[in-house]
Amino acid sequence: MSGGVGESVRRPDGPAKVRGEFCYAGDLTAEGMLIGATLRSPHPHARITRIDTRAARALPGVLAVLTADDVPGDLHFGLTLRDEPVLADGVVRYAGEPVAVVAAVDAATARRATQAIEVGYEPLPAVTDPELARDGTPLHPDGNVYRHVSYGCGDPDARGVVTVENTYRIGMQDPAFLAPEAGLAQPTADGGVQLEVATQWLHSDQKQIGWATGLPPEKVHVQLGGVGGAFGGREDVTLQVHACLLALATGRPVKMEYTREESFLAHRQRHPGTIWLRHSADADGKLISVEGRVLLDGGAYASTSPVVITNTVTLLQGPYRVDNGRFEGWSVRTNNPSCGAMRGFGVPQAAFAHEAQLDALAAALGLEPLEIRLRNALQRGDVATYGQRFDAPTPVREVIEGLQAIPLPEGIPRKAPGGVGRSAEGGEIRRGIGYAVTIKNLAFSEGHVDESTAEVSLCDGHATVHTACAEVGQGFVTVAEQVARTVLGASTVEVTQPDTLIASAGSTSASRQTMASGTAVHRACLAVRDRLLDRVARAHGLDAAELTVADGVVCAAGKPLTTVAEAAPGQIFRATEHFQHPDTYALGSPEARMYVGYGFSAQRAVVDVDVELGLVSVVQVASCQDVGAVINPTQLLGQIEGGIVQGMGLALMEAVVVRDGLITNPDFQDYLIPTIVDAPEVVSTYVTDPQPGMPHGWKGVGEPPLCTAVPVVAAAVRAATGLPLPSVPIKPEHIALGLGTAPTVSWTTPRPADPARAAQVVVDEEPRDALGTMAEEGAAPARH
Amino acid sequence: MSDQDEFVTFSLTVDGTPREVTARWSESLLTVLRDRLGVRGPKTGCAHGRCGACAVRADLGDGDPHVLCSCLVPAATAAGGSVQTIASIGGPDGELSDVQEAFLAEGAVQCGICTAGFVTAATELLETNPEPTRTEIEEALYGNLCRCTGYGRIVAAVETAARTRREQKSPVPLTTRELAASLRTGPEEAR
Ligand code: FES
Ligand code: FES
């Protein structure tokens, strides 16, 4: 039947979007609506000596001014550690921290009211260096280390003939979704509150609103407002709680919408970090040992820092077999902007570093970049450094071979490096070709329950699908429709707007929603189909086991009997089904199962570099990705292209510049994201080795392209320039002035692994349980 | 109260309908459209002229309508002028225009917050240049940011729309009549 799984079905919300009629959270209005605004700290670290709201309250048109004293419930929220005040609590710990919120009749009055609030600050020293923060005076009662992880496997002191080490730096990337945060809160008749908001995770918002308002979950209704991109940046609460508090305080609908500048200040960024790696290999390039150390700057509050750090540390091995290693990492609190989830969740940092190391090893040994990767490629059955066996298809070799089959671009370059930034006559242009291969864990990890629930009904061939899965642009609505067409033979499908009237779908993150919510929808569709077939069987006196649905037709023993649309006129069939991945456990647990699954990706980048101006043009990125199954070829390509360009942004231009705790470029004038001129041609191919336990063998695809694009673009620029380039973003001055330290290459005396220390994972330190929301979704973190 | 806060009243034609507006001097055309007139097709991505989500086609009184960032235009300078938002773009009988159709077919829409701006800019491009090269497409659209698609599908959509238009070779009204009427007649249109 047309419109099913495997076809390039168009987005059901597409027509409204191309007409400009789709309602985003920023478009919401309500009768009698007030506008909310936020007063933020101008200091990265300060004690609040007083707050005087009298002048603000006295302004005509101002209906509420709230500070920490006005929060009726628990002042603290957060995705993991609950260490962040809803409104500043005596101390501000980052520039931009909300201090007070107001509701007024219009935006100008609300803004004026925030300016009329008098706040006395006693500035404190801002600790902005994560290394100093790690060992320094606590900036918060919970201390400065969000999480420290440390483990080893095999004999970390084993050596091959060559050993390569270097320190790599990754800058702070902003998700920069194009629609700033927005939401509309309204008091409900039962004394509760309803919020329509652009979010990634409705139930997490609901829970955190409940904490601050003191309301039970059944009095906090969260509905998805239209979302203009997310990329992890909407996983944490920003204005959700404030809008609800203001609506409850005023008894009126309150709309909040951030400016672009506020958006930079308010949401979580990608963790900037420093990674030291030492790889040792034998003369054939086979990895003998890997040692790594990571320091991530988590900023002022925890968000997901305790989870991100294990992703970075454990995946330092890359998609390669590593029997001997030693790994350690910290995510720490500073007075910089808070960091949290962003597409890739700690892995782009690891990937940038390990791929630079592989290239350095290959260069030292005179091997081709892909050859050294093939020689070390993980295979099914191998065991990760953290003890988990790769027990599902592990097509690393296959994605590399798939990449090799893509021809190089031909012809002369169409444009000079630099895009719109090019302002001078250039110098010599050199072409470079680079390669990268990555591993990305898919779905929630380390005991954070990964689940979803779907309600599906069918009547006269029309299916309705309801989940709490946030559509943020990725195209889940299309996938849900395709599944309903394929399984149920539905002729029309409506995917209703997600809300908290159904159980949690978890976050739209971690490349997980096709796997979690898609599978829940698939199960509910199967149950509905069986109910329909039972009814048809009874009506026709047949055995239901003989009935099937194909292309919208009910068949008995393969012969058409009736259509799905006409099979049971006027009757409704309905099912609600749940899906949950098998349990995962914290790093170091005896179960040795941190991750649900993985996606692998190989890319090749071709760049032209103006070596004098330091400008780069990415000509082409070729990609071969392990995708399980192709559910919607056009949407899949959209994920690959979008991820590659976002990764290229981190590699070449995107950096939130933080000076003394202040963001100096919180706008699109100075924070540059790739434009259409910067975007390369993308050639995308796939390996489809079905993921066990998943309908159609599907798996998540959204993050791997970004994870690989960061190292691949850097590798190509290195190839063009011969420079080491150990930091991203690679800035023009890095190229033009040759900044950056090259890896240290030493020829070492081989020292085979001590068999007595063979292949067991030793965690040096008890892993700290991940606390708070994600764990409370049902996890029982392992304790030893 | 500063001058910026003083109110002015003026008239403006929006999507063919004459409207009366009272707004602060300092307000942008985008704010007037969205917050005062409830015209929500143009979107706010940055409010400082760097993303194109707010793009509209406007005649600011000089008889030369073109696509601009409505967040950068002080609303009062549009007094007496005429603005065509995404709501003015469409095919005959309420169908989608060929550009809109191509955006859907090629997967150029994900979250869609940039889409109205891209469709507006691409529509103008194809009216002035029915056979744009890839470089010309980039030149016409580099003021529009998209964070989701990586632009590949957007380029494909514009190329597809141009190709379909050439293949149909008929001067069908590709936008509303009103929009078509505002076109300068060039050799392509005269064909
Ligand atoms: S909102 Fe006008 S250019 Fe961004
Ligand atoms: S589709 Fe989301 S910004 Fe373009």
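The values are calculated or read from the model by the stated rules, or taken from the named source; none is laboratory data. Owing to the predicted nature of the structure, the values given are computational and were not obtained by experimental measurement. Using ideal geometry, Cβ is built from the backbone for each residue, glycine included, and neighbour counts are taken over all protein chains shown. Just so you know, the surface numbers come from the protein's heavy atoms only, side chains and all, with ligands and any DNA or RNA stripped out. Shrake-Rupley method; radii C 1.70, N 1.55, O 1.52, S 1.80 Å.
Counting only strands (runs of 3 or more DSSP E) that sit wholly inside region A:474-567, those with at least 1 residues that are more than 30 Å from A:GLY340 (Cβ to Cβ) and of a type in the set (S, T, N, Q) are A:492-495, A:547-550, A:559-563.
Scan region A:120-130 and tell me whether some residue there is open to solvent by less than 20 Å² (accessible area, probe 1.4 Å) and either within 16 Å of ligand 1 (Cβ to nearest atom) or aliphatic (A, V, I, L, M) (or both).
No, because not a single residue in region A:120-130 is open to solvent by less than 20 Å² (accessible area, probe 1.4 Å) and either within 16 Å of ligand 1 (Cβ to nearest atom) or aliphatic (A, V, I, L, M) (or both).
In the condition set (1) in contact (Cβ under 8 Å) with a residue 60 or more places away in the chain; (2) surrounded by fewer than 24 Cβ atoms within 10 Å (Cβ to Cβ); (3) touching a Lys or Arg at 6+ places or on another chain (Cβ under 6 Å), A:GLY192 is compliant with all but (1).
Among the residues of region A:200-228, those that are away from ligand 2 (no atom under 16 Å from the Cβ), open to solvent by less than 10 Å² (accessible area, probe 1.4 Å) and of a type in the set (S, T, N, Q) comprise A:SER204, A:GLN208. A:GLY292 passes every criterion in (1) crowded, with 24+ Cβ neighbours inside 10 Å; (2) touching a Ser or Thr at 6+ places or on another chain (Cβ under 7 Å); (3) assigned to a strand (DSSP E or B) apart from (2). Every condition in (1) under 25 Å from B:GLU127 (Cβ atoms); (2) open to solvent by less than 40 Å² (accessible area, probe 1.4 Å); (3) hydrophobic (A, V, I, L, M, F, W, C); (4) away from ligand 2 (no atom under 16 Å from the Cβ) holds for B:VAL32 except the one numbered (1). Please find, within region B:72-87, the residue that is surrounded by the most Cβ atoms within 10 Å (Cβ to Cβ) out of those that are facing chain A (nearest Cβ under 10 Å) and touching a helix residue (DSSP H, G or I) at 6+ places or on another chain (Cβ under 8 Å). Only one residue fits best here, namely B:ILE86. For region A:214-248, a residue qualifies if it is within 17 Å of the chain's Cα centre (by Cα) and among the small types (Gly, Ala, Ser), and the qualifying residues are A:GLY228, A:GLY229, A:ALA230, A:GLY232, A:GLY233.
Taking the criterion of being part of a strand (DSSP E or B) and either touching a His at 6+ places or on another chain (Cβ under 8 Å) or open to solvent by less than 10 Å² (accessible area, probe 1.4 Å) (or both), the residues of region A:171-188 that qualify are A:ALA182, A:GLY183, A:LEU184, A:ALA185. The number of residues in region B:88-121 that are within 16 Å of ligand 1 (Cβ to nearest atom) and either part of a helix (DSSP H, G or I) or surrounded by fewer than 20 Cβ atoms within 10 Å (Cβ to Cβ) (or both) comes to 7. Counted as qualifying within region B:129-191 are the helices (runs of 4 or more DSSP H) with 2 or more residues that are within 19 Å of A:ARG19 (Cα to Cα), modelled with pLDDT under 95 and away from chain A (no Cβ under 14 Å), namely B:177-181.
Restricting to region B:54-68, name every residue that is within 16 Å of ligand 2 (Cβ to nearest atom) and either open to solvent by 50 Å² or more (accessible area, probe 1.4 Å) or out of contact with any Phe, Trp or Tyr (no Cβ under 9 Å at 6 or more places or on another chain) (or both). Before the answer, list the steps.
If we filter region B:54-68 for residues that are within 16 Å of ligand 2 (Cβ to nearest atom), which is where we start, we get B:54-55.
The answer is B:CYS54, and nothing else.
Of the candidates A:PRO60, A:PRO72, the single residue that is open to solvent by 40 Å² or more (accessible area, probe 1.4 Å), within 23 Å of A:VAL193 (Cβ to Cβ) and in a loop (DSSP other than H, G, I, E, B) is A:PRO72. Screening A:LEU81 with (1) at pLDDT below 95; (2) closer than 30 Å to B:THR123 by Cβ; (3) crowded, with 18+ Cβ neighbours inside 10 Å gives one miss only, at (2). Only one entry in A:ALA567, A:ALA575, A:ALA557, A:ALA592 is in contact with an Asp or Glu (Cβ under 8 Å, 6 or more places away or on another chain), surrounded by 15 or more Cβ atoms within 10 Å (Cβ to Cβ) and of a type outside the set (S, T, N, Q), namely A:ALA575.
Here B:LEU104 meets each of (1) at the interface with chain A (Cβ under 10 Å from one of its Cβ atoms); (2) at pLDDT 95 or above; (3) under 30 Å from A:GLU262 (Cα atoms) with one exception, condition (3).
Taken over region A:9-36, residues that are more than 7 Å from every other protein chain (Cβ to nearest Cβ), outside any loop (DSSP other than H, G, I, E, B) and more than 15 Å from B:LYS43 (Cα to Cα) amount to 3.
Counting residues in region A:677-685 that are within 28 Å of B:CYS46 (Cα to Cα), assigned to a loop (DSSP other than H, G, I, E, B), among the acidic types (Asp, Glu) and within 16 Å of ligand 2 (Cβ to nearest atom) gives one or more.
Does at least one position in region A:109-118 carry a residue that is among the polar types (S, T, N, Q), in contact with a strand residue (DSSP E or B) (Cβ under 8 Å, 6 or more places away or on another chain) and closer than 28 Å to A:LYS207 by Cα? Yes - at least one qualifying residue is present in region A:109-118. Within region B:28-65, restricting attention to residues that are more than 15 Å from ligand 1 (Cβ to nearest atom) and either in contact with a helix residue (DSSP H, G or I) (Cβ under 9 Å, 6 or more places away or on another chain) or not in a loop (DSSP other than H, G, I, E, B) (or both), the residue that is farthest from the other protein chains (Cβ to nearest Cβ) is B:GLY61.
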